[in-house]
Amino acid sequence: MGQASKQYINGVLNRLNKQYPDMVEFQQATKEVLRSLEKFVDRHPEVIEHNLFELLVEPERVVKFRVPWQDDAGKWQVNTGMRVQFNSALGPYKGGLRFDPSVNESIIKFLGFEQIFKNSLTGLPIGGGKGGSNFNPKGKSDAEIMRFCQSFMTELSKHIGPNTDVPAGDIGVGGREIGYLFGQYKRLQQYDSGTLTGKPLEMWGSYARTEATGYGLVYFLQNAVEDRGDSLDGKTIVVSGSGNVAQYAMKKAKDLGAKVLACSDRGGYIRDESGIDEELVIAIKERGGSLAEYIEEHSSATYHTDESVWTIDASYDIALPCATQNEIDGSLAKNLVKAGVTYVMEGANMPVNDEGLEVLTEQEILYGPGKAANAGGVAVSALEMAQNAQRLQWDFDEVDQRLQDIMATIYQKCSKTAEEYGEPGNLSLGANIAGAEKVLKAMDAQGLV
Ligand code: GLU
């Protein structure tokens, strides 16, 4: 039996490898998920009978388009936009838009694929999708950002809607961009608050959506730590990144008594033995500044240029990678081991690569995969959709309480499923199986569509 499952999975992965040889990140993500589903396939013969994995790895639709826009000098510029509508078995496609020069089809497909399982784990009715553009928002004026967003939405508006596909933010897309995108959608279609999530509050966004991914990450961590009879009080943490996820993860970690020693941006990292002042980090990032500015106000802190925060010479308990994919490879993972880390929880999507994962899993390190640990953002997005559909806006505490319950349930699901499959503590296996099970059941029940 095990052999047949393995063969089937390898067959699907080989086909992907032949068909999309250049899509490195997409192959990495599909390999990680499908390989961990072997025991699940053993118990579910319908996966092979109905060839469900071939359906699962192929997006339902990929929309790719030109985004022409005019810069402040009057020059015409062109970027590529795309939306991968990966899987709608559980609901409308749901997932963020990423504006970053690194964006390509492989990255958006990997993110869209991960989103299917993440969204399934939230227990809310949302399918998986992702989109974005290779547009670089860094250094652009407000007017340029607005013109770009308007042009992007001119095409995207034909493919989305509150019951079809509901985009949100990701790297490079925050409240400002969502505002401009929404304005253009409204102009072209009609006012429908349910078309995008992560909206500013006065546009019927949800309270706690800004905080949701970072807070959710720490709630997930808290559940894991408490499950081991321990607490976050007095723990030391290193965070990578200083964007939306990192900012609110640092804030919640501090609220729960932990100390964040360091965080980073593209230029380097800051180390502050008295605990990172996340309010200052937020202020610096809001004005588009560099973390180098942090030491101007905190003279005891140090700034380390052009170095990964994972090279930090310190011992600490918890690593929260919140920057981007593949930031921790095998050799950086070894640094984490040397630092004495006991928990690694992913705020970003796939920040630990295959080799890094091998290093972590050889040790007694509890690893929380992004699709579970960072699901709080999209979970509150689904709550935003629910509020928009009711034409209501819940208060902060109500949303925050629901977020806490959702993250506790996700942790339990991952942990219990790992146990059921004979690998207690393997949260990655638990997340993949628990996430996939529901989607595959729904796909199978819907027949060939
Ligand atoms: N971009 C976020 C994620 O990776 C949020 C997506 C959403 O809210 O739709 O899950």
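The values are calculated or read from the model by the stated rules, or taken from the named source; none is laboratory data. On a predicted model such as this, the values are computed, not experimentally measured, just so you know. Virtual Cβ from ideal backbone geometry, glycine too; neighbours counted across all protein chains shown. We work out accessible area using only protein heavy atoms, side chains counted, and drop any ligands, DNA or RNA first. Shrake-Rupley method; radii C 1.70, N 1.55, O 1.52, S 1.80 Å.
Residues of segment 291-306 that are surrounded by 13 or more Cβ atoms within 10 Å (Cβ to Cβ) and part of a loop (DSSP other than H, G, I, E, B): His298, Ala301. Against the list (1) assigned to a helix (DSSP H, G or I); (2) open to solvent by 40 Å² or more (accessible area, probe 1.4 Å); (3) farther than 22 Å from Asn374 by Cβ, the condition Arg35 fails is (3). Just one of the numbered conditions (1) open to solvent by 20 Å² or more (accessible area, probe 1.4 Å); (2) closer than 17 Å to Ile237 by Cβ is not true of Val352: (1).
Pairing each residue of segment 145-167 that is within 13 Å of Ser193 (Cα to Cα) and within 16 Å of the ligand (Cβ to nearest atom) with any residue that is among the acidic types (Asp, Glu) and open to solvent by 10 Å² or more (accessible area, probe 1.4 Å), provided the two are 6+ apart or on different chains, yields C-beta distances under 6 Å for Pro162/Asp192.
Residue check: is Asp165 crowded, with 20+ Cβ neighbours inside 10 Å, touching a strand residue (DSSP E or B) at 6+ places or on another chain (Cβ under 8 Å) and not hydrophobic (A, V, I, L, M, F, W, C)? Considered against the rule, which asks whether it is crowded, with 20+ Cβ neighbours inside 10 Å, touching a strand residue (DSSP E or B) at 6+ places or on another chain (Cβ under 8 Å) and not hydrophobic (A, V, I, L, M, F, W, C), Asp165 comes out as yes.
Out of all the residues in segment 398-408, is one or more of a type in the set (S, T, N, Q) and under 24 Å from Asn87 (Cβ atoms)? No, that holds for no residue. Restricting to segment 43-58, count the residues that are open to solvent by less than 60 Å² (accessible area, probe 1.4 Å) and in a helix (DSSP H, G or I). Number of matching residues: 7. Against the definition (modelled with pLDDT of 95 or more and closer than 30 Å to Tyr207 by Cβ), how does Ala389 come out, yes or no? Answer is yes for this residue. In segment 133-141, is there at least one residue being more than 26 Å from Leu440 (Cβ to Cβ), more than 15 Å from the ligand (Cβ to nearest atom) and at pLDDT below 95? Yes, segment 133-141 contains at least one residue that is more than 26 Å from Leu440 (Cβ to Cβ), more than 15 Å from the ligand (Cβ to nearest atom) and at pLDDT below 95. Give the residue that is farthest from the chain's Cα centre (by Cα), with candidates limited to residues of segment 168-181 that are away from the ligand (no atom under 12 Å from the Cβ) and open to solvent by 10 Å² or more (accessible area, probe 1.4 Å). For segment 168-181, the residue satisfying everything is Tyr180. Applying the criterion of being under 20 Å from Ala431 (Cα atoms), hydrophobic (A, V, I, L, M, F, W, C) and assigned to a helix (DSSP H, G or I) to the residues of segment 84-122, the residue that is nearest to the ligand (Cβ to nearest atom) is Leu111. Please specify each residue of segment 59-83 satisfying the condition of being crowded, with 16+ Cβ neighbours inside 10 Å and either of a type in the set (Val, Ile, Thr) or not in a strand (DSSP E or B) (or both). Those that are crowded, with 16+ Cβ neighbours inside 10 Å and either of a type in the set (Val, Ile, Thr) or not in a strand (DSSP E or B) (or both): Pro59, Glu60, Val62, Val63, Val67. Number of residues in segment 309-340 that are among the small types (Gly, Ala, Ser) and within 21 Å of the chain's Cα centre (by Cα) equals 3. Scanning segment 270-295 for residues that are aliphatic (A, V, I, L, M) and more than 14 Å from Gln247 (Cβ to Cβ) yields Ala292, Ile295. From the list Val359, Val337, Val341, the one residue that fits, being farther than 20 Å from Ile406 by Cα and either acidic (Asp, Glu) or surrounded by fewer than 17 Cβ atoms within 10 Å (Cβ to Cβ) (or both), is Val337. Being among the small types (Gly, Ala, Ser), open to solvent by less than 30 Å² (accessible area, probe 1.4 Å) and out of contact with any strand residue (DSSP E or B) (no Cβ under 9 Å at 6 or more places or on another chain) is a description that applies to Ser157. Restricting the first member to segment 173-193 and to residues that are in contact (Cβ under 8 Å) with a residue 12 or more places away in the chain, and the second to residues that are open to solvent by 80 Å² or more (accessible area, probe 1.4 Å) and not polar (S, T, N, Q), the beta-carbon pairs closer than 6 Å and six or more apart or on different chains are Ser193/Trp204. Entry remark, segment 129-154: residues being on the phi > 0 side of the Ramachandran plot and open to solvent by 20 Å² or more (accessible area, probe 1.4 Å) number 1 in total. Of everything in segment 403-438 that is β-branched (Val, Ile, Thr) and within 18 Å of Val47 (Cβ to Cβ), the residue that is least open to solvent (accessible area, probe 1.4 Å) is Ile433. Do we find that Thr324 is open to solvent by 10 Å² or more (accessible area, probe 1.4 Å), touching a helix residue (DSSP H, G or I) at 6+ places or on another chain (Cβ under 9 Å) and over 23 Å from Leu256 (Cα atoms) in this structure? No; evaluated as a whole, the condition is false for this residue.
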